[in-house]
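Notes for the one structure printed next.
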Amino acid sequence: MHSAVQRANTVATIAAILLATICAAASFLDAFNSPSLQAHVQVVKINRFRRQLDGNDEVKMTLKMSMDLTSLFTWNTKQVFVFLAAEYETDTNSLNQVSLWDHIVQEKERASFQVKVPTKYPLIDQGTNLRGKKVGLVLHWHIMPISGRMIQGKMPLSNFSLPDSYTTRS
Amino acid sequence: MDRIKFLGDVKIRPTLIQLLNLGMIICSALMIWKGLMCITGCESPVVVVLTGSMEPGFKRGDILFLHMNKEPIRAGEIVVYNVDGRDIPIVHRVIKAHERRDTGEIDILTKGDNNQVDDISLYSGGQLWLNSHHIIGRAIGYLPYVGYLTIIMTEMPIVKYLLIGVLALLVITSEE
């Protein structure tokens with residue numbers, strides 16, 4: 001009456017339904033996590049500010065950052081991808097977002113840290129608008145779960161102004 | 001009299017019912033798929049991760065749920081895009097976004113988390129940026145491992161045929 005195949009089918013179906021329910025519940029509970037993180041960034045030095053051969057402005061700098069991302073982690077968190085974006089506007093572009101630095105935090109214990117690093121990616125403009133430009137630094141994070149919905153957030157940090165003229169290589 | 005059966009129409013009705021059942025199952029699956037396409041606004045609301053370029057976040061065989069709306073693409077979002085001439089969609093993160101004031105069009109540069117360089121060499125020809133029309137969808141959700149079956153079926157088609165054969169056999173020979 002109950003063959004082995006039927007039993008295997010029932011077990012597999014129930015297991016799949018349970019797994020799906022647990023995954024959904026884990027993701028649902030993530031929504032109740034209200035993070036309160038702290039971060040601070042400071043531009044230590046402009047390493048290079050020049051006009052590239054193809055005509056676009058390029059900036060490389062050294063940043064000093066400290067942040068505490070521990071409140072973003074839940075038990076359903078696999079990793080947190082955090083990056084710092086330079087955001088500014090120009091005459092031709094209503095918004096420019098350029099990632100300067102990113103990092104992957106995989107464990108809650110390592111979520112609070114300080115670094116002093118050169119920018120991972122140069123700030124390159126579409127044009128030559130960066131001289132004297134006021135640029136906002138915004139910290140973005142992306143919580144990637146073990147299963148379920150991914151959550152994004154951001155926090156504006158400090159602003160800084162680029163020099164009025166290109167610097168020579170130092 | 002009831003026992004007299006013509007050889008030609010033996011078991012026609014049960015067979016037709018079986019075929020109808022099969023058709024219903026296929027149609028329901030199709031309806032769910034098309035419904036998902038409408039709700040999420042993407043042509044393929046679910047994709048399987050094929051490469052390790054987004055590790056350790058996404059591994060080969062994971063499934064991504066996509067969503068697409070008119071909201072402008074912003075830095076940090078994980079997007080799926082097609083490059084002209086290649087039919088494998090690529091899942092990477094936006095690291096640069098420039099939105100034009102006049103047209104509202106956005107120039108996008110993407111990069112895989114696990115890659116050293118950005119995707120500019122992947123874009124077709126001399127293309128420097130992606131635009132909104134290249135983007136199929138944004139990744140909003142994620143399930144690990146589930147897609148590995150699809151990868152196996154694509155890379156070893158014999159498994160696919162075997163599976164379909166077994167399933168068809170089960171449906172036809174089952175009593176309900």
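Assess whether A:Val59 counts as being within 14 Å of chain B (Cβ to nearest Cβ) and under 12 Å from the mean Cα position of the chain (by Cα). I'd like the intermediate steps shown before the answer.
Details: within 14 Å of chain B (Cβ to nearest Cβ): yes; under 12 Å from the mean Cα position of the chain (by Cα): no.
In short, no.
So A:Leu53 ticks every box in (1) closer than 30 Å to B:His98 by Cα; (2) surrounded by 13 or more Cβ atoms within 10 Å (Cβ to Cβ); (3) among the aliphatic types (A, V, I, L, M) but one. Which box is left unticked?
(2)
Right, A:Gln97: over 30 Å from B:Arg100 (Cα atoms), within 9 Å of chain B (Cβ to nearest Cβ) and touching a residue at least 12 places away in the same chain (Cβ under 8 Å) or not?
No: the conditions fail for A:Gln97.
Please give the number of the condition A:Ser71 fails out of (1) more than 17 Å from the chain's Cα centre (by Cα); (2) away from chain B (no Cβ under 14 Å); (3) among the polar types (S, T, N, Q); (4) surrounded by 14 or more Cβ atoms within 10 Å (Cβ to Cβ).
(1)
Give me the strands (runs of 3 or more DSSP E) completely within segment A:1-90, filtered to those with at least 3 residues that are under 23 Å from B:Thr110 (Cα atoms) and not polar (S, T, N, Q), ordered by residue number.
Details: elements: A:38-51, A:57-68, A:77-88.
Of the strands (runs of 3 or more DSSP E) lying wholly inside segment A:1-90, those with at least 3 residues that are under 23 Å from B:Thr110 (Cα atoms) and not polar (S, T, N, Q) span A:57-68, A:77-88.
Take the residues of segment A:32-52 that are without any contact (Cβ under 8 Å) to a residue 40 or more places away in the chain and of a type outside the set (D, E, K, R): which is nearest to the other protein chains (Cβ to nearest Cβ)?
Top of the filtered list is A:Phe32.
I'd like to check something: does segment A:155-167 contain any residue that is within 14 Å of chain B (Cβ to nearest Cβ), touching a Cys at 6+ places or on another chain (Cβ under 6 Å), farther than 16 Å from B:His98 by Cα and in contact (Cβ under 8 Å) with a residue 60 or more places away in the chain?
Within segment A:155-167 (the criterion being within 14 Å of chain B (Cβ to nearest Cβ), touching a Cys at 6+ places or on another chain (Cβ under 6 Å), farther than 16 Å from B:His98 by Cα and in contact (Cβ under 8 Å) with a residue 60 or more places away in the chain), the answer is no, since none of the residues qualifies.
Inside segment A:108-127, can you point out the residues that are within 14 Å of chain B (Cβ to nearest Cβ) and either among the polar types (S, T, N, Q) or touching a residue at least 12 places away in the same chain (Cβ under 8 Å) (or both)?
Matches in segment A:108-127: A:Thr119, A:Lys120, A:Tyr121, A:Pro122, A:Leu123, A:Ile124, A:Asp125, A:Gln126, A:Gly127.
Just so you know, all these numbers are worked out from the coordinates, no wet-lab data involved. Not measured: the values here are computed from a predicted model. We place every Cβ from the backbone using ideal geometry, glycine too, and count neighbours over all the protein chains shown.
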